[in-house]
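Asker: First the structure, then my questions, so here it is.
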Amino acid sequence: MSKKSNAALEAALAEPVWPAAPPAFTWLGFGVFALLAVYPFIFTGTFSHHLMIMVFLHAIMAQSWNVVAGMSGQISLGHAVFFGLGAYASALLYIKWGITPWIGLLAGMAISALAAAAIGIPTLRLRGHYFAIATLLFGISVQIVFQRWDWVGAASGIFMPIVRDDPWLVLQFHGSKLPYYYLSFGLCVIAFAVVWDLQRRRLGMRLLAVRDEPEAAASLGIDVAWHKVIAFMISGAMMSTAGTFFAQYVLVVDPDRVFNFEISVLALLMVVLGGIGTLWGPALGAAILVPLSEFTRTWFGGTGGTVDLIIYGILILLICIYQPRGLLSIVTERLRRRVDTK
Amino acid sequence: MSSDVIIQAIVSGLLMGLVYALVAVGLSLIFGLMEIVNFAHGEFLMLSMFFSFWLWALLGMDPLLSLPIVVLALAVLGFATHYGVIRHVLNAPMLAQICATFGLAIAIRSGAQFLWTPDFRSVQDPLVAGRLEIAGIFIGQPQLVAGLVCFAAFIALWLFVTRTETGLALQATAQDRQAAAVMGIPTDRMFALGWAIGLGCVGVAGAMLSSFYFVFPDVGINFALLAFVAVALGGFGSILGSLVAGVAIGLVESLGGVLISPSYKLLIVFSLYFAVVLVRPMGLFGRY
């Protein structure tokens, strides 16, 4: 190889793949982070804490769905499975053997990743709808099994005993919601950092290649099916952390709650709403939907559940037709246009 | 276990299987035409059962007699779905297509729950009721009629698709959209027709089911899931495959219920899907 092309290669390698964000954005990011860190001291009400905890929890769920859908282009319609596995893993380990939920968190992630591999390996080598249907069937199958499995409490589920000693060891906080707030905030930051990092790694780049041009990616020696499986496993593990947190937060785990189909729907909707395949889309989706859902519940009372879902369904439909790249794209496209004209 | 129980299970599985086959063929037809999986298929089945139920409850029409009205209503709904939703995502990425029909499903199902509550309803004193006894085997008459009507509808569909000019145009569109358009086939109208026929099939199945099955907003889910398995087993886009697979699933479901456990019969059918995907992803008769 000639020296000239080596120089060109090195110049190309030296060029950053991800251009640095404008400084204003970095400061905005730090500002939001600082604001969220002191938020519970500005708004001290229990409901305002609960609201933000739910936003963080849903942002993790959405980000998890975003990894599989946004980064590898596959639609999962049964993401609640991983939420439920995470919740059951930590609750069961604690109830049956007194193992701390911190270990349960990791165990849930491992189990979810294995379950994801089990669904993904046979279906992800086929065209997309095989996978979507498989996740739908798997989601319902797991729920049926847990509803009838006596060892895990069958349909009535598991009630966690109230423990007041060693709150950070047993992950139960009864005096205030503050520890839950920072716990969910921390998990959420980690989830977003993982995706941020993933987007900058070779793995993330290969995933985008697999999503956008599977044939071209395969011709470059990328194992397309295997990359989709890896994305699905990461996604499952991430969803599982949300489930474990939820189990520790409400202290009740039952199949109708943690394997609820609505969880799968919500994860999908938040991402589609915010912006699929973007880092901040899931956060935007969660920040819009969670308050909307909490307030419709208080307005409509008991039947709020179905009114929610009617709105969600219509929203998904409308976004798919009119703004398939999500709300975030309205802002980013305008920014890009401004940069281009400069 | 006596052989009577087995034969009984085979007969009732066969009759239910014919209903599943008709639901599945609608799904398969739509997929074959435009490569879109209709995730709202079960919800349309639920709507047709409610149509049929309300015609009985409000006007006193028996489900068997109101069949043409229900089918017509569902066909109109099929046109509306195509022109209102599907047309706009036809060239969109698969992601948008799946989300669109999925969103439609959620909106319809929760809308039904909001309007009609999650209560179970049923048609009282249908025209055909009771059961026949042949050599110790009991056959529910409504089930028998449902199976036969669905089979007849299936034959009619098959004749339409293979013997008429419009049917051939449908097949041409399914094979190659662009080539069909070049030949002067109005592909957009063919797509709409595909949706009308697909939902019309669901209409027949729903109307027949409503005379012996409970009617409630979530009723469509299980039928749709079984239809997904049937379509995968028969081969996406294959009409004959849907018939064979639908009947096979009816048999697996009822035999599994008798031989293994009734509460796990859905799981047994679902595992069939994973077996198909592992062993023969193109299904029995399909392309993939």
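Asker: Report the extension gain between residue A:333 and residue A:176 in nm, rounded to one decimal, defined as 0.36 nm multiplied by the number of residues separating them, less their alpha carbon distance. Numbers along the way, then the final one.
Answerer: On the way: separation 157, 0.36 × 157 = 56.52 nm, distance 4.22 nm.
So the extension gain works out to 52.3 nm.
Asker: Size of the dipole of the protein assembly as shown about the Cα centre, Lys and Arg at +1 and Asp and Glu at -1 on the beta carbon, nothing else charged, in debye to 20?
Answerer: That gives the protein assembly as shown a dipole magnitude of about 1420 debye.
Asker: Also, I was wondering about something else. What percent of all Cα-Cα pairs in region B:1-109 falls into each 10 Å bin, going from 0 up to the bin containing the maximum distance?
Answerer: Going out from 0 Å in 10 Å bins, region B:1-109 shows 13, 35, 29, 17, 6, 1 percent.
Asker: Follow-up. Contact order normalised by length for chain A, with contacts defined as Cα pairs under 8 Å and 6 or more residues apart; what percent is it? If you can, show how the numbers build up before the last one.
Answerer: Working: 463 pairs, mean separation 98.5, N = 342.
Answer for chain A is 29 percent.
Asker: Quick check on region B:41-167: take the gyration tensor over C-alpha atoms, sort the square-rooted eigenvalues as a ≥ b ≥ c, and tell me if it's rounded (a/c under 1.5), prolate or oblate. Provide the component values of the computation, followed by the final result.
Answerer: Working: a/c = 2.19, a/b = 1.41, b/c = 1.55.
Here region B:41-167 falls in the oblate category.
Asker: Compute the helix-to-body angle for A:128-148: its Cα long axis versus the longest principal axis of chain A, expressed 0 to 90° and rounded to tens.
Answerer: 20 degrees
Asker: Calculate the dipole size of region A:46-287 relative to its Cα centre from +1 charges on Lys and Arg beta carbons and -1 charges on Asp and Glu beta carbons; express the result in debye to the nearest 20. Could the numbers behind the result be given before it?
Answerer: On the way: 13 positive and 11 negative charges, 52 e Å.
Using only the charged Cβ atoms, the result is roughly 260 debye.
Asker: Near residue A:131, within a Cβ-to-Cβ distance under 14 Å, what is the net charge of the other residues, with Lys and Arg +1 and Asp and Glu -1? Write down the numbers at each step before the final one.
Answerer: Working: positive: A:125, A:127, A:211, A:228; negative: none.
That sum, taken over residues with Cβ under 14 Å, equals +4.
Asker: Near residue A:325, within a Cβ-to-Cβ distance under 14 Å, what is the net charge of the other residues, with Lys and Arg +1 and Asp and Glu -1? It would help to have the intermediate numbers written out before the result.
Answerer: Values: positive: A:211, A:334, A:336; negative: A:212, A:333.
With Lys, Arg at +1 and Asp, Glu at -1, the net is +1.
Asker: Could you list which residues have their amide H under 5 Å from that of residue B:64, counting only those 5 or more apart in sequence or on another chain, with H placed in the peptide plane?
Answerer: Here the answer is B:127, since their amide H atoms fall under 5 Å of that of residue B:64.
Asker: Report the equivalent ellipsoid semi-axes for the protein assembly as shown in whole Å, largest first, defined as the square roots of five times the eigenvalues of the gyration tensor built from alpha carbon atoms.
Answerer: Numbers: eigenvalues 373, 198, 109 Å².
Output for the protein assembly as shown: semi-axes of 43, 31, 23 Å.
Asker: Region A:56-71 to region B:249-283: how many Å between their Cα centroids?
Answerer: 32 Å
Asker: Could you give log10 I(q)/I(0) at q = 0.09, 0.10, 0.11, 0.13 Å⁻¹ for region A:46-287, computed by the Debye formula over C-alpha point scatterers of equal weight, without solvent?
Answerer: -0.36, -0.44, -0.54, -0.74
Asker: While we're looking at this one, here's another question. First select every other residue whose beta carbon is under 15 angstrom from the beta carbon of residue B:262; then total the charges, Lys and Arg +1, Asp and Glu -1. Let's see the in-between values first.
Answerer: On the way: positive: A:148, B:265; negative: B:253.
Local charge sum for residue B:262: +1.
Asker: May I ask you to derive the FRET efficiency for residue B:159 and residue B:134 from their Cβ-Cβ distance with R0 = 35 Å, giving the value to the nearest 0.05? Before the final figure, lay out each step's value.
Answerer: Working: r = 30 Å, r/R0 = 0.85.
Efficiency, rounded to the nearest 0.05: 0.75.
Asker: Distance in nm between label sites at residue A:159 and residue A:121, each 7 Å beyond Cα in the beta-carbon direction?
Answerer: 4.1 nm
Asker: Calculate the length of the line joining the C-alpha centroid of region B:9-40 to that of region A:208-265, in whole Å.
Answerer: 29 Å
Asker: Helix A:304-322 against the longest principal axis of chain A: what's the angle in degrees, Cα atoms only, rounded to the nearest 10?
Answerer: 10 degrees
Asker: Let me ask you something else. Each label point is 7 Å from the Cα along the Cα-to-Cβ direction; what then is the distance between the points at residue B:141 and residue B:284, in nm?
Answerer: Each label point is offset 7 Å from its Cα along the Cβ direction, giving 3.2 nm.
Asker: If you don't mind, there's one more thing I want to ask. Please report the spacing between the Cα centers of region B:116-179 and region B:190-220 in Å, no decimals.
Answerer: 9 Å
Asker: For region B:42-59, just list the computed ³J(HN,Hα) in residue order, Karplus coefficients 6.51, -1.76 and 1.60, θ = phi - 60°, integers in Hz, with x standing in for Gly and Pro.
Answerer: x, 5, 5, 4, 4, 4, 5, 5, 5, 3, 4, 5, 5, 4, 6, 5, 9, 10
Asker: Specify whether the C-alpha gyration tensor of region B:142-275 places it in the rounded, prolate or oblate class, a ≥ b ≥ c being the square roots of the eigenvalues: rounded for a/c under 1.5, otherwise prolate if a/b is larger than b/c and oblate if not. Write out the running numbers ahead of the final one.
Answerer: Values: a/c = 2.39, a/b = 1.82, b/c = 1.31.
Prolate shape, in that a/c is at least 1.5 and a/b is the bigger ratio.
Asker: Apply the Karplus curve 6.51 cos²θ - 1.76 cosθ + 1.60, θ = phi - 60°, to the phi angles in region B:147-156 and return the couplings in whole Hz, x for Gly and Pro.
Answerer: For region B:147-156, the Karplus-derived couplings read x, 5, 5, 5, 5, 4, 4, 4, 4, 4 Hz, x marking Gly and Pro.
Asker: A further question on this structure: Please state the shape class of region B:1-53: rounded when a/c is under 1.5, otherwise prolate if a/b exceeds b/c and oblate if not, all from the C-alpha gyration tensor.
Answerer: Values: a/c = 4.01, a/b = 1.90, b/c = 2.12.
Since a/c reaches 1.5 but b/c is at least a/b, the shape of region B:1-53 is classed as oblate.
Asker: For residue B:214 paired with residue B:183, estimate the spin-label separation in nm (one decimal), with each label point 7 Å from Cα along the Cα-to-Cβ line.
Answerer: Modelled inter-label distance: 4.8 nm.
Asker: Using only the alpha-carbon atoms, how far is helix B:219-234 inclined from the longest principal axis of chain B? Give it as 0 to 90 degrees, nearest 10.
Answerer: Approximately 70 degrees, to the nearest 10.
Asker: Still on this structure, I have one more. Output the direction-averaged projected area (hull surface divided by four) of the convex hull of the alpha-carbon atoms of region B:3-279, in nm². Don't jump to the answer; show the numbers that get you there.
Answerer: Values: hull surface 61.0 nm².
The directionally averaged projection comes out at 15.2 nm².
Asker: Taking H as built 1.01 Å from N, whose amide H comes closer than 5 Å to the amide H of residue A:254, not counting residues under 5 places away?
Answerer: A:158
No lab work stands behind these numbers, since they all come straight from the coordinates. These numbers were taken from a predicted model, which means no experiment stands behind them. Here Cβ is always computed from backbone atoms with ideal geometry, including for glycine, and neighbour counts include all displayed protein chains.
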